[in-house]
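Below: the structure, in structure tokens.
Computed from the coordinates by the stated procedures, all read-outs in this text should not be read as laboratory data. Quantities reported herein were computed from a predicted structural model and do not represent experimental measurements.
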Amino acid sequence: MKNSLSIVFSSRKTLSLQVKADGQAIVRAPYGTRKKDIERFISENSDWLEKARKRAEKRRQNLPEYPESEEEIARLKAIAKQVIPPKVEYYSSLLGVKPERVSINRAKTRFGSCSSKNTLNFSCFLMLFDEKAIDYVVVHELCHIKEKNHSPRFYALVADIMPDYKLRERILKGK
């Protein structure tokens, strides 16, 4: 687990602490914050920081490793192009929606997205997960055609199609 810590100064008003998926900690601080104030902030939050790093490590252990080679990524893209469109078609009919276009990309931090013009994008790395997780991402993005937000109405739509969506969502987060 990475135990590095970086400090990012910006025009904010408060100090904050974040732990990224790789275990790296980031302190965000207002411009001009003194080093000793940052060190005290880190010290006061050391228990939280350690717990957050352990959670990140546990998640990493439960997630698949992303391939680095172009050949393997191309193989995942080809699989995704075969797997995802039929799922989009099936769940589109259940929801009564039709996306403008479906594309496959190489995004590592976002498994799916829905544009304002109803174009759906899916990451080829989604193919590294269980089929239940893939179906969840497809349903999630299709529901954005009707609800362009994450409101209770949005999640009610998701739940209508997939009552166990929270369980499927956890698979993607390595929980």
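Annotations for the structure displayed:
- For the chain, calculated [θ]222 nm from helices alone, where every DSSP H run of n ≥ 4 adds -39500 (n - 2.57): -16500 deg cm²/dmol
- Using every pair of separate Cα atoms, the Kirkwood estimate puts the hydrodynamic radius of the stretch 25-164 at 17.7 angstrom.
- Under the Karplus curve 6.51 cos²θ - 1.76 cosθ + 1.60, θ = phi - 60°, whole-Hz ³J(HN,Hα) for the stretch 97-106, x wherever Gly or Pro sits: 10, 9, x, 5, 7, 10, 10, 10, 10, 10
- Structural descriptor for the chain: relative contact order 17 percent, calculated from alpha carbon pairs under 8 angstrom and at least 6 residues apart.
- The C-alpha atoms of the stretch 120-175 occupy a region whose extents along the principal axes are 29, 22, 16 Å, arranged from largest to smallest.
- For Ser103, residues with placed amide H under 5 Å, excluding near neighbours: Leu120, Asn121, Phe122
- Phi angles of the stretch 34-43 translate, via the Karplus equation with coefficients 6.51, -1.76, 1.60 and θ = phi - 60°, into HN-Hα couplings of 6, 4, 5, 5, 5, 4, 5, 4, 5, 4 Hz per residue; Gly and Pro are given as x.
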